[in-house]
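Inspection log for the structure reproduced underneath, given as structure tokens.
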Amino acid sequence: VMIEVPSAVYQARELARIADFLSVGSNDLTQYLLAVDRNNARVADLYDYLHPAVLMALQDVVAAAHTEGKKVSICGEMAGDPVAAVLLLAMGFDSLSMNSTHLPKVKWLLRKMTLQHAQQLLEKVVTINTPKVIHSTLNAALDELGLNKVLNPVSSVQT
């Protein structure tokens, strides 16, 4: 089952009971959760997959799938962002599907981070209520680890 709309997030556990696995479409889910058309120049800057509501929804989907003993994957731009991939790993996603051009940086960063550190970072960012501060916190954490300059992970995000 593809989880791409908010109603599917709320029914994720019931859907997991009848499906072999769940997969989140991060682009559509973000767009519909935030009610923002990412292709509309007037509001596209409000589209942010690191928005607290998106992060909470993703955690809920993972918990629902795993409660029912099902695997959960995620695809879309979020899965191909190395910094977001760290958070997805910490949330417990079983697999990430991304454009092959993103794979080297994602693999590199995931190999540099321990699961424990990723989980600590997730615990920290889920207490933050604005995407701008989440991005700043992630940048600072990578900077502390000496990884920010190599990846330059969220510099393209408008804050």
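The values are calculated or read from the model by the stated rules, or taken from the named source; none is laboratory data. Please read all numbers here as calculations on a predicted model, not as lab measurements. Neighbour counts are summed over all protein chains in view; Cβ atoms, including those assigned to glycine, are modelled from backbone coordinates with ideal geometry. Ligands, DNA and RNA are excluded from the accessible area calculation, which covers all protein heavy atoms including side chains. Shrake-Rupley method; radii C 1.70, N 1.55, O 1.52, S 1.80 Å.
Quick look at the numbers
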read-out	value
Solvent-accessible area of residue 37 with every protein chain in place, 1.4 Å probe, in Å² to the nearest 10	70 Å²
Distance between modelled label sites at residue 133 and residue 17, nm, 7 Å Cα→Cβ extension	3.8 nm
Sequence of 91, 56 from largest to smallest accessible area, 1.4 Å probe	56, 91
Reach of residue 124 by Cα under 17 Å, taken over lysines that are not fewer than 8 positions away in the same chain	132
Over the chain, relative contact order from alpha-carbon pairs under 8 Å, at least 6 apart, %	20 percent
Under 15 Å from the Cα of residue 105 - aspartates and glutamates, other chains or at least 8 residues apart	77, 81
Set of the stretch 15-46 residues, backbone N closer than 14 Å to the point 7 Å along the Cα-Cβ line of residue 110	none
Dipole-positive endmost among 127, 82, 9 within the chain (Cβ charges, Cα centre)	82
Residue-span extension gain [residue 71 to residue 10] - 0.36 nm each, minus C-alpha spacing	20.2 nm
Theoretical FRET efficiency, 1/(1+(r/R0)^6), r = Cβ-Cβ of residue 101 and residue 39, R0 25 Å, to 0.05	0.75
Heavy atoms of residue 123: accessible area, 1.4 Å probe, square angstrom to 10	120 Å²
Rg(Cα)/(2.2 N^0.38 Å) for the chain, N = residue count	0.99
Helix-only mean residue ellipticity at 222 nm for the chain, each DSSP H run of n ≥ 4 adding -39500 (n - 2.57), per residue, nearest 500	-16000 deg cm²/dmol
For the chain, built as a Gaussian network whose Cα springs stay under 10 Å, the top-fluctuating residue of 86, 43, 54	43
Under-5 Å amide H pairs with residue 71, H placed in peptide plane, nonlocal only	22
Environment charge of residue 23, counting only residues whose C-beta is closer than 14 Å and scoring Lys/Arg +1, Asp/Glu -1	-2
